[in-house]
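Trainee: One structure, pasted below without further comment.
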Amino acid sequence: MHNTKKYRRGFTLVEIMAATAIMVVVIMFVTNIAVDMLRAYDGTISAISSNYDARSVLDPIENDFVSAKVFNDNHRWFEVRYDESDTGNLDKMSAPRIMLFAQPKDRVRRSITADSSTEIQGDMCAVCYRLVQKAPFGTSADSPENARYSMYRSILNAKDTGELAIPYIIGSNGKSGSAENQTPNSFWSSSESITDPSDDKKYSLSEWTTEIQNLLVDGVLDLTLIFWYDDYDDSGKRKIAIINNPRIAQYVRSAYKNNYDVTTFSTSIAAGYDKIVFDSNVSGAVSGTLKAVDVSVTVLSPEGKSRLSGLQRQESSQTISDDEFTDLLQEYGVTFTRSFTIFREQ
């Protein structure tokens, strides 16, 4: 009887190397797919976040503009001014203050105190939009990275609107002074103080307009308004009014060529029922009506917000270099635009 031995043949070095190479290729392929999926996911989340931030600004602006009240009484009930001081790296032409009288659906309807709740009559409210750089949650001022470019929307309740704001427009009760000052800005820049019905606390107007309860969204780097109006002349051309910003003026003139007359203003545009006043020049008021507006808002993506905070922390300042800010805007800024008609007859 003979003993037989069976030998099991193993893998050769070449086979092992070939198998390893195939495995590496497969792993790299799967990894690349996973990375692409994660990037697509991050991009989708970023796009959704940016879209949400833009809608948080554009939706209320459209609702307020469409419901705005402009009475046929020769007064200016609407004003946009470009003189904000707390704008950090933002050009003042990118941060207009919008002031008007509207019928916001989300207005405060009840005054709440410790002992009672009282319904506030009326529907017309003074509204103010501000884009400023501020730490929205009251973070210490010595932490630059906490400063945000935030959009605020302040809605004065109907009672205070009638008792405090309107007198500045119509010049009653010793308010406003000369006709040049009878605008919404004369009220929002005044020394008036108000009691917020939501918390029954007293605030100065300037303080209240940037309180946390009025915050819409942070990460807003630009708000551009292009107004369309008629001035009843015989040129046959529709009119456009814009802030005297070379970038905006060049875009408008390029987009609309010679079919429209373009008017630029330096600091403000104010309007009533059939009068438009540029730069507080009451004597040079244009007989016309604002008809429509294009509103563009540029917001930072979540990555951009994080990057901006890091740069401010690195600089130990609420402002960074102009080059860094421009690069940040170009890489992480997303612009959304909406057009709508405004100031329908009341």
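Trainee: Taking amide hydrogens as modeled 1.01 Å from N in the peptide plane, which residues meet the under 5 Å criterion relative to residue 263, leaving out close sequence neighbours?
Mentor: Counting only residues 5 or more places away or on other chains, the set is 240, 241, 242.
Trainee: I'd like the chymotrypsin sites (Phe, Trp or Tyr not before Pro) in segment 206-295 restricted to DSSP loop residues with at most 15 other Cβ atoms within 10 Å, sorted by number. Write down the numbers at each step before the final one.
Mentor: Details: sites: 208, 227, 228, 229, 232, 251, 256, 260, 265, 273, 278; in loops: 232, 273.
The qualifying sites are 232.
Trainee: Please compute, over every Cα-Cα pair in segment 100-203, the percentage with a separation greater than 19 angstrom. Could the numbers behind the result be given before it?
Mentor: Working: 2881 of 5356 pairs.
Here the tail beyond 19 Å accounts for 54 percent of pairs.
Trainee: So how strong a dipole does the chain carry about its Cα centre when Lys and Arg Cβ are +1 and Asp and Glu Cβ are -1, to the nearest 20 debye?
Mentor: Working: 36 positive and 46 negative charges, 312 e Å.
Rounded to the nearest 20 debye, it is 1500 debye.
Trainee: Continuing with the same structure: How much mean residue ellipticity at 222 nm does the chain get from its helices, if each DSSP H run of length 4 or more adds -39500 (n - 2.57) and you divide by all residues, to the nearest 500 deg cm²/dmol? It would help to have the intermediate numbers written out before the result.
Mentor: Details: 7 runs with 104 residues, N = 346.
Helix-only estimate at 222 nm: -10000 deg cm²/dmol.
Trainee: Taking the simple approach of a point 7 Å from Cα along Cα-to-Cβ for both residue 340 and residue 322, what is their distance in nm?
Mentor: 3.6
Trainee: Zone of residue 92 (label point 7 Å along Cα→Cβ, backbone N under 19 Å): which residues in segment 143-169?
Mentor: 150
Trainee: Per 0.36 nm of contour for each residue apart, how much would the distance between residue 198 and residue 34 grow if the chain were fully extended, relative to their Cα-Cα spacing? Don't skip to the answer; put the middle values down first.
Mentor: Working: separation 164, 0.36 × 164 = 59.04 nm, distance 4.84 nm.
Gain on extension, residue 198 to residue 34, equals 54.2 nm.
Trainee: Restricting attention to segment 216-289, which trypsin sites (Lys or Arg not before Pro) occupy a DSSP loop and are surrounded by at most 16 other Cβ atoms within 10 Å?
Mentor: 237, 257
Trainee: Pick out, in residue order, every one of the GluC sites (Glu not before Pro) in segment 269-346 that is DSSP loop and has at most 14 other C-beta atoms within 10 Å; say none if there are none. Spell out each step's value before the answer.
Mentor: Values: sites: 303, 315, 324, 331, 345; in loops: 345.
Sparse-neighbourhood loop GluC sites (Glu not before Pro): 345.
Trainee: Beyond 17 Å, what share of the Cα-Cα pairs of segment 225-338 is found? Please give it as a whole percent.
Mentor: On the way: 4168 of 6441 pairs.
So the pairs more than 17 Å apart make up 65 percent of the total in segment 225-338.
Trainee: Taking only Cα atoms, what is the 0 to 90° angle, nearest 10, from helix 246-256's long axis to the longest principal axis of the chain?
Mentor: The angle comes out at about 90 degrees.
Trainee: Moving on. So what's the chain giving for Rg/Rh, alpha carbon basis, Kirkwood Rh from the mean inverse pair distance?
Mentor: Numbers: Rg = 28.4 Å, Rh = 23.2 Å.
We get a ratio of 1.22 for the chain.
Trainee: If you don't mind, another one. If you average the sequence gap of Cα pairs under 8 Å that are 6 or more apart and divide by the length of segment 271-346, what percent do you get for the contact order? Walk me through the intermediate numbers first.
Mentor: Values: 77 pairs, mean separation 29.4, N = 76.
Relative contact order here is 39 percent.
Trainee: Treat every Asp and Glu Cβ in segment 244-346 as -1 and every Lys and Arg Cβ as +1, leave all other atoms uncharged, and give the resulting dipole magnitude about the Cα centre to the nearest 20 debye. Walk me through the numbers on the way to the answer.
Mentor: Values: 10 positive and 12 negative charges, 80 e Å.
Dipole about the Cα centre, nearest 20: 380 debye.
Trainee: If I take every Cα pair under 8 Å that is 6 or more residues apart in the chain, average their sequence separation and divide by the length, what percent do I get for the relative contact order?
Mentor: Details: 638 pairs, mean separation 71.4, N = 346.
Averaging sequence separation for qualifying contacts and normalising by length gives 21 percent for the chain.
Trainee: Ok, one more. What number comes out for accessible area per residue over segment 123-266 if the probe is 1.4 Å? Units Å², please.
Mentor: On the way: 6250 Å² over 144 residues.
With the other protein chains kept in place, segment 123-266 gives 43 Å² per residue.
Trainee: Can you tell which of 47, 186, 82 lies farthest toward the positive end of the dipole of the chain, using +1 and -1 charges on the Cβ of basic and acidic side chains (Lys, Arg; Asp, Glu)?
Mentor: Comparing the listed Cα positions along the dipole, 47 ranks first.
Trainee: For a Förster distance of 22 Å, can you work out the FRET efficiency between the beta-carbons of residue 173 and residue 283, rounded to the nearest 0.05? Kindly include the intermediate steps, with their values, before the conclusion.
Mentor: Numbers: r = 25 Å, r/R0 = 1.14.
Efficiency for this residue pair is about 0.30.
Trainee: Taking 8 Å as the Cα distance limit and 6 or more residues as the minimum spacing, I'd like the relative contact order of segment 58-179 as a percentage. Working shown, then result.
Mentor: Details: 190 pairs, mean separation 25.9, N = 122.
It comes to 21 percent, rounded to a whole number.
The values are calculated or read from the model by the stated rules, or taken from the named source; none is laboratory data. These numbers were taken from a predicted model, which means no experiment stands behind them. Please note: Cβ atoms are built from the backbone with ideal geometry, for glycine as well, and neighbour counts cover all protein chains shown. Each accessible area value is taken on the protein alone, full model and side chains, heavy atoms only, with ligands, DNA and RNA left out. Shrake-Rupley method; radii C 1.70, N 1.55, O 1.52, S 1.80 Å.
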